[in-house]
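In what follows, a structure is listed as structure tokens, so that the remarks can point back to it.
The values are calculated or read from the model by the stated rules, or taken from the named source; none is laboratory data. Keep in mind that this is a model prediction, so the values were computed, not measured. Cβ placement follows ideal geometry from the backbone for every residue including glycine, while neighbour counts extend to all protein chains displayed. These area figures cover heavy atoms from the full protein model, side chains too; ligands, DNA and RNA do not enter into them. Shrake-Rupley method; radii C 1.70, N 1.55, O 1.52, S 1.80 Å.
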Amino acid sequence: MRSYLSLASRAVNGLRPERVILVLDHSGSMEEGDWHPSRLDAAIEASEALIHLKVEKHPDDEVGVIAFSTRASVVHSPVRVSRAADSMVRALRRLSPGSSTNITAGLKLAEELLVADTIRAGRGPCKTVGTWLSWLLCEPRPQAPAPKPVRPAYRIIVLTDGEHNEGAGPYGIASRLKTKGTVIDCIGIGGTPKAVNERMLKKIASKQPDGHPRYCFIGDKEKLILKFRELAAHIRPA
């Protein structure tokens with residue numbers, strides 16, 4: 001109860017907790033060794049930096065991880081970082097290079113995780129007990145009205161080192177996510193900006209208050225780690 005009231009207090013003060021989904025490219029090109037030992041290892045290290053800083057600064061935030069190549073998969077479901085940072089790091093370190101680059105698959109799976117959480121958040125206390133039978137057996141007890149659930153701010157961070165080259169284009173799903181209030185940050189990495197489709201990534205990304213897209217290209221591991229540490233901070237209201 002104390003933790004819940006803490007979240008509510010932070011929300012009143014404009015400090016809503018965040019639910020962040022990392023959507024990481026693990027296509028074959030992420031095995032390139034121009035970033036020692038590889039681009040994928042750099043992405044993992046940067047993700048770990050974000051997780052650890054969240055634990056330090058925003059322990060009530062939740063982080064989930066999705067990896068995409070030809071298809072997308074859940075590396076770690078969204079969970080409060082203060083409870084599962086170690087398991088997220090272990091899951092990240094099991095990633096290995098795949099094949100092609102399907103950004104759409106990563107965004108669709110991220111949307112599914114966010115939608116599933118919204119459904120869970122709308123259930124009452126009895127319905128969250130495991131089964132409908134348990135819910136039917138719950139007897140209502142007189143109690144003070146519970147505070148309304150605090151909806152976290154939703155954020156997706158997409159990292160890729162190449163062009164989308166598998167499946168349908170990502171513009172539709174990106175537009176739907178942004179319309180529903182999800183902030184999308186896009187990061188291109190690798191040798192040069194020509195290796196990624198910057199025009200596409202800028203269109204996928206949300207807009208800054210000044211109108212510029214929440215996109216950047218990063219050319220080395222140290223700057224990528226710094227960027228992910230920057231993204232660990234809460235989104236400032238527009």
Might you let me know whether the stretch 176-192 holds any residue that is modelled with pLDDT under 95, outside any helix (DSSP H, G or I) and touching a Leu at 6+ places or on another chain (Cβ under 7 Å)?
no
Helices (runs of 4 or more DSSP H) fully within the stretch 56-163 counting 1 or more residues that are of a type in the set (A, V, I, L, M), modelled with pLDDT of 95 or more and open to solvent by less than 60 Å² (accessible area, probe 1.4 Å):
81-92, 103-121
